Amino acid sequence: MCLDVVDKGSSEPIVKDEAGQLRVGVAGLGLIGEGAALRLIADDDYAFCGALVRDASKPREAMPAGVLITDSIQDFLDAGADVVIDALPDGEIGRALIEKALARGVSVISANKQAVAGSLDVLTSIARRTGAQFFYDASVGGGAPMIETVQRARAHGDIVEMTAILNGTVNYILTALAGGAGFDDAVRRAQDAGFAEPDPTADLSGDDARAKISILSYEAFGAEVDGNAISTEALDADLARKIAADGGVFRQLTSVTLTDGVASSASVAIVKVPESDFFAGVKDEGNALRIVTADGRDFTCVDKGAGRAPTVASLFSDLETVRAALPPRESN
Ligand SMILES: NC(=O)c1ccc[n+]([C@@H]2O[C@H](COP(=O)([O-])OP(=O)(O)OC[C@H]3O[C@@H](n4cnc5c(N)ncnc54)[C@H](OP(=O)(O)O)[C@@H]3O)[C@@H](O)[C@H]2O)c1
């Protein structure tokens with residue numbers, strides 16, 4: 001049973017009539033999780049069931065008093081959510097949470113690619129067994145509907161190739177470099193804009209894009225690409241100097257090709273692209289995907305790939321899908 005939410009600074013509880021409301025818990029109250037929680041609290045279609053965090057004693061100015069904030073997965077799940085939003089930054093904890101939630105029949109919507117990548121087979125089979133719904137659109141592409149685009153292409157015919165800009169932080173840095181910024185300055189600007197983590201290693205090394213192409217491959221080919229088989233080029237100060245000296249348009253392109261029914265030649269590379277290229281037009285924190293099907297047809301999508309607003313919008317698009325599929329709840 002979800003806790004009633006009491007408005008901070010007011011003695012009046014915001015008690016929602018739970019009839020027809022989807023009960024949602026949020027794991028992680030950072031940039032993404034807090035954004036999702038605030039939107040849930042403001043939306044009468046949902047009842048906010050509480051949050052899972054690392055440090056439950058931390059002051060949370062934006063959260064109303066009386067709301068469950070816990071560091072215990074057990075207590076979080078016992079709050080009775082129909083759906084859990086996973087906005088944790090940690091792969092292992094995220095995966096454990098998703099497994100436990102799905103095993104209980106609780107649907108999961110995850111923005112956590114580190115939790116999802118490499119485990120999609122296991123997680124989707126738990127969901128199938130319990131009848132829970134499992135979405136991970138927000139873990140790839142931010143606001144760009146990449147999973148949806150893969151599904152559309154797949155419905156049309158066999159996918160033979162996918163190329164994408166999957167890391168908004170690196171794209172933001174490459175755009176800043178092209179505008180004359182130095183490497184350290186470009187990284188700092190990405191951090192100040194809220195796109196890069198305090199430690200941006202996973203973005204710059206290409207590991208983030210590697211996890212995301214694995215997720216897209218699962219959607220496109222029914223199997224994830226082996227992470228070890230993805231050649232990866234890092235963006236560092238040396239490469240940034242070469243890019244600046246060249247003066248051309250560079251993008252971090254992640255691609256995977258299908259050969260004889262198997263995903264092959266997967267790579268994450270910093271590539272010079274012609275100025276007229278589809279990917280050259282994707283600037284700042286933009287993400288983009290181009291898919292080619294066996295009959296030569298192109299499917300594309302492009303949008304902001306990082307940040308609170310586009311990611312929360314993606315989570316809510318999946319929440320709406322879950323809500324629409326649930327039978328109406330009886331009023332208490
Ligand atoms: N930022 C973006 O633009 C973006 C876009 C798409 C997807 N994502 C994904 O969304 C997820 C969240 O990103 P974010 O930027 O919101 O992260 P963040 O700002 O660093 O927030 C992380 C939150 O998770 C909690 N947390 C961390 N470790 C935990 C643990 N072991 N157990 C329980 N709670 C834990 C933290 O708790 P405390 O508050 O107690 O420290 C914090 O509330 C990540 O997987 C990220 O890859 C982010």
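Values in this text are rule-based calculations from the coordinates and carry no lab data. Just so it is clear, the structure is predicted and the values come from calculations on it, not from any experiment. Because the Cβ atoms are built from the backbone with ideal geometry, glycine has one as well, and the counts that use them run over all protein chains shown.
Annotations for the structure displayed:
- Candidate set from region 174-216 (those that are out of contact with any Lys or Arg (no Cβ under 8 Å at 6 or more places or on another chain) and β-branched (Val, Ile, Thr)); member that is farthest from residue 246 (Cα to Cα): 213
- Close pairs from region 89-110: first touching a residue at least 60 places away in the same chain (Cβ under 8 Å), partner of a type in the set (D, E, K, R) and in a helix (DSSP H, G or I), Cβ under 6 Å, at least 6 apart: 109/318
- Each residue in region 116-170 was checked for being within 16 Å of the ligand (Cβ to nearest atom), over 17 Å from residue 98 (Cα atoms) and part of a helix (DSSP H, G or I), and 6 of them qualify.
- Counted residues, region 171-189 - those being within 16 Å of the ligand (Cβ to nearest atom) and among the basic types (Lys, Arg): 1
- Looking only at region 85-115, and only at residues there that are in a helix (DSSP H, G or I) and more than 9 Å from the ligand (Cβ to nearest atom), the one that is surrounded by the most Cβ atoms within 10 Å (Cβ to Cβ): 98
- Residue that is farthest from the ligand (Cβ to nearest atom), among those in region 37-84 that are under 19 Å from residue 110 (Cα atoms) and assigned to a loop (DSSP other than H, G, I, E, B): 82
- Within region 273-330, the residues that satisfy the criterion of being assigned to a loop (DSSP other than H, G, I, E, B) and closer than 23 Å to residue 39 by Cα are 285, 305, 306, 307, 326, 327, 328, 329.
- A search for C-beta distances below 6 Å between a residue of region 294-318 that is under 27 Å from residue 192 (Cα atoms) and any residue that is in a strand (DSSP E or B) and not small (Gly, Ala, Ser), counting only pairs 6+ apart in sequence or on different chains, returns 301/289; 305/287; 310/304; 315/85; 315/109.
- Scoring residue 287 on the criteria (1) farther than 26 Å from residue 190 by Cα; (2) within 25 Å of the chain's Cα centre (by Cα) leaves a single failure, condition (1).
- Selection status of residue 265, closer than 24 Å to residue 223 by Cβ, small (Gly, Ala, Ser) and not in a helix (DSSP H, G or I): yes
- Residue within region 65-77 that is within 21 Å of residue 318 (Cβ to Cβ) and buried (at least 19 other Cβ atoms within 10 Å of the Cβ) present: yes
- Residue satisfying all of: in region 153-209; over 15 Å from the mean Cα position of the chain (by Cα) and of a type in the set (Phe, Trp, Tyr); nearest to residue 307 (Cα to Cα) among these: 172
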